[in-house]
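Just so you know, all these numbers are worked out from the coordinates, no wet-lab data involved. Predicted model, so just to flag it, every value in this text is computed and none were measured. Glycine also receives a Cβ, built like all others from the backbone with ideal geometry; neighbour counts cover every protein chain displayed.
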Amino acid sequence: FARLRGGLQRSSSALTERIAGIFTKRRLDDETLEQLEDALIISDIGVDTSRDLVRDLARGRYGKELSDIEVKEALAGLIAGRLEKLAEPLPHRDQHRPQVVLVCGVNGTGKTTTLGKLAKQATEAGLKVVLAACDTFRAAAVEQLQVWGERNGVPVIAARTGSDPAALAYEALDRARREGADLLMIDTAGRLHNKQVLMEELKKIIRVIKKLDPSAPHDTILILDATTGQNAHSQVDTFKTMVDITGLIVTKLDGTARAGVVVAIGDRYKLPVHAIGIGEKIDDLRPFEALPFARALMG
Ligand code: GDP
């Protein structure tokens, strides 16, 4: 919790300053509620969610005198209530061996780093993991995944730069099956500047792996970078048109004042949040827990 609180410090201090500015023992009335709603919106919590939160806060408290601490406590509880159902670790699907996890997201959001972190956690949990470097366009992405793999003793299936990512995904699943792996995680490209090409590439990867396992991919995780704030919404919208997103991981919650975006996105898309990234190191991927997160956000 201390690490999470430290990670979210910039988000929480910006938000708590705004709330403290409104509530130094002031009545919860139309004016303070409106100011509070603005403070939440500025903190990336989203227009609809902020309105709902303020409405719920007013229920039973309207007209009362509240301190900023009381308001923050109440808001943390309300936010946690909204996020609770969405906090869900990446499921282990024992019935599917290997479980195939497709990881997508815009370049730079932390896909490769997150895959490395997930691979370490899965390996430590006793699972046999294989990684597939299907962002074959970027040599750096392939190398980076290989470094993560080597560090954790996890095989990384890679190919020459520019080779067909779908063919590589097929080969990776074939090998993962032959080697009796529990988990295959596939890194994909994130070149959003050419959406059509990216969509076709992702669809082809899925089509091809289905030839070996019609139920695959079992999980399709979208990686979002919290520092992009509202832009994360359009990334969800865009990727939803390309693949069936089954869950999210939000990265870079350390050092951003925009952690509120997790609340907005969770509320809007109702997609499970499997984990959060709070740093660049291998152990900086944490389970997403609603109440600790909401409390950390509120400072
Ligand atoms: P990709 O292009 O989506 O594969 O992104 P990378 O995995 O290469 O990550 C891009 C940059 O973000 C790298 O410098 C990572 O170290 C950094 N990064 C990834 N996750 C986090 C995080 O949770 N916190 C911080 N501070 N940096 C992160």
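Table for the structure above
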read-out: CD proxy at 222 nm, helix term only [per DSSP H run n ≥ 4: -39500 (n - 2.57); per residue of the chain; nearest 500]; value: -16000 deg cm²/dmol
read-out: Rounded to the nearest 20 debye, dipole of the chain from Cβ charges on Lys, Arg, Asp, Glu; value: 460
read-out: LEU192 versus GLU34: modelled label distance in nm, points set 7 Å from Cα along the beta carbon direction; value: 3.4
read-out: Tilt relative to the chain, helix 231-242 - C-alpha long axis, 0 to 90 degrees, to 10; value: 40
read-out: Ratio Rg/Rh, restricted to the range 145-299 and using Cα atoms, in which Rh is the Kirkwood radius; value: 0.98
read-out: C-alpha long axis of helix 165-178 to longest principal axis of the chain, angle in °; value: 80
read-out: Chain lengthening between ARG175 and ASN107 when straightened (0.36 nm per residue, less Cα-Cα); value: 21.8 nm
read-out: Crossing angle, helix 9-22 versus the chain [Cα axis fit, 0-90 degrees, rounded to tens]; value: 20
read-out: Inter-part distance where the range 37-105 and the range 225-299 are each reduced to a Cα centre, Å; value: 11
read-out: Length gained when the stretch ALA167-LYS85 is fully extended (0.36 nm per residue, less Cα-Cα span); value: 25.8 nm
read-out: At 0.890 mPa s and 25 °C, Stokes D of the range 127-231 from Kirkwood alpha-carbon radius, µm² per second; value: 171
read-out: Label-point gap, in nm, between ASP237 and ARG55 - each point 7 angstrom along Cα→Cβ; value: 2.2
read-out: Highest to lowest packing among 102-108, 236-242, scored as the average C-beta count within 10 Å; value: 102-108, 236-242
read-out: Fewest-first ranking of GLU17, GLU171, using other Cβ atoms within 10 Å as the exposure measure; value: GLU17, GLU171
